[in-house]
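A short write-up of the structure that comes next.
The values are calculated or read from the model by the stated rules, or taken from the named source; none is laboratory data. The shown structure was predicted, so the numbers you read here are calculated from the model rather than taken from an experiment. Counting neighbours? That spans all protein chains shown, and the Cβs are built from the backbone with ideal geometry, glycine included. What goes into the accessible areas is simple: the full protein's heavy atoms, side chains included, and nothing from ligands, DNA or RNA. Shrake-Rupley method; radii C 1.70, N 1.55, O 1.52, S 1.80 Å.
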Amino acid sequence: MRRTRTALGVLGALCALTLIVTGCSPKEARMSPEETRDALVALVHDSAAKLDVEGWGESDEPSAMSCGDGVKWGYTYGAPIPDADYEADAQTVLDYWTSLGITARMDTSHAPVVFGEGGPVQSISFQTGPGSYAFAATSTCAPGNPDDYR
């Protein structure tokens with residue numbers, strides 16, 4: 001029993017040291033730039049699928065950006081503004097993101113907008129106007145060179 005506790009303690013210390021040396025969270029350390037890009041796009045598309053809205057499309061492919069010694073991705077996805085309850089749709093998105101561990105808040109001072117950060121993304125937003133519904137998101141940072149993806 002004592003040997004098991006000692007082995008677990010040594011293993012825990014090695015894991016902590018690895019995180020300190022690499023400067024990455026466990027999730028970031030395991031994800032490649034391609035995986036962070038794919039996770040970002042999937043989150044945005046899954047969020048859009050929660051809404052009864054047609055006509056979603058990319059304004060462009062995900063774009064690689066620098067983040068310290070790594071690469072992160074930016075992505076936008078939009079649809080023509082529907083005849084809908086904008087605040088209810090924003091609440092649907094906020095609830096979904098919160099369920100995923102994203103810290104989210106809604107601003108209703110103009111057209112409803114939802115802002116989120118953390119969890120699987122650095123930042124994400126959903127806006128209900130003017131003129132369109134749109135998601136804009138930035139992935140977490142992954143080891144790599146953004147020039148390799150441009």
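Only one of (1) under 18 Å from the mean Cα position of the chain (by Cα); (2) modelled with pLDDT of 95 or more; (3) outside any strand (DSSP E or B) fails for Gly74. Which number is that?
Gly74 satisfies every listed condition except (3).
Every residue in the stretch 82-110 that is open to solvent by 60 Å² or more (accessible area, probe 1.4 Å), part of a loop (DSSP other than H, G, I, E, B) and farther than 15 Å from Val44 by Cβ, please.
Correct list: Asp83, Asp85, Thr108, Ser109, His110.
May I ask you to verify whether Thr128 is within 18 Å of Tyr77 (Cα to Cα) and out of contact with any Cys (no Cβ under 8 Å at 6 or more places or on another chain)?
yes
Quick one: in the stretch 56-65, which of the residues that are surrounded by 13 or more Cβ atoms within 10 Å (Cβ to Cβ), part of a strand (DSSP E or B) and out of contact with any Asp or Glu (no Cβ under 9 Å at 6 or more places or on another chain) is modelled with the lowest pLDDT?
Top of the filtered list is Glu58.
Say whether the condition of being among the aliphatic types (A, V, I, L, M), surrounded by fewer than 12 Cβ atoms within 10 Å (Cβ to Cβ), within 18 Å of Glu117 (Cα to Cα) and at pLDDT 95 or above is met by at least one residue in the stretch 38-46.
Looking through the stretch 38-46, at least one residue is among the aliphatic types (A, V, I, L, M), surrounded by fewer than 12 Cβ atoms within 10 Å (Cβ to Cβ), within 18 Å of Glu117 (Cα to Cα) and at pLDDT 95 or above.
I'd like the full set of residues that are in a strand (DSSP E or B) and closer than 22 Å to Asp52 by Cα, limited to the stretch 111-128. Walk me through how you get there before you give the answer.
Residues of the stretch 111-128 that are in a strand (DSSP E or B), as a first pass: 113-118, 121-127.
Correct list: Val113, Val114, Phe115, Gly116, Ile124, Ser125, Phe126, Gln127.
Across the stretch 121-135, what is the number of residues that are open to solvent by 40 Å² or more (accessible area, probe 1.4 Å) and under 18 Å from Val44 (Cβ atoms)?
So the answer is 3.
Given the condition of a type outside the set (D, E, K, R) and within 19 Å of Glu54 (Cβ to Cβ), answer yes or no: does some residue in the stretch 96-108 qualify? Please lay out each step first, then the result.
Here is the first cut: in the stretch 96-108, the ones of a type outside the set (D, E, K, R) are 96-104, 106, 108.
Narrowing further to those that are within 19 Å of Glu54 (Cβ to Cβ): 96.
Yes.
With the structure loaded, tell me whether Val93 is in contact with a Ser or Thr (Cβ under 9 Å, 6 or more places away or on another chain), in contact (Cβ under 8 Å) with a residue 12 or more places away in the chain and farther than 26 Å from Arg150 by Cβ or whether it fails that test.
Answer is yes for this residue.
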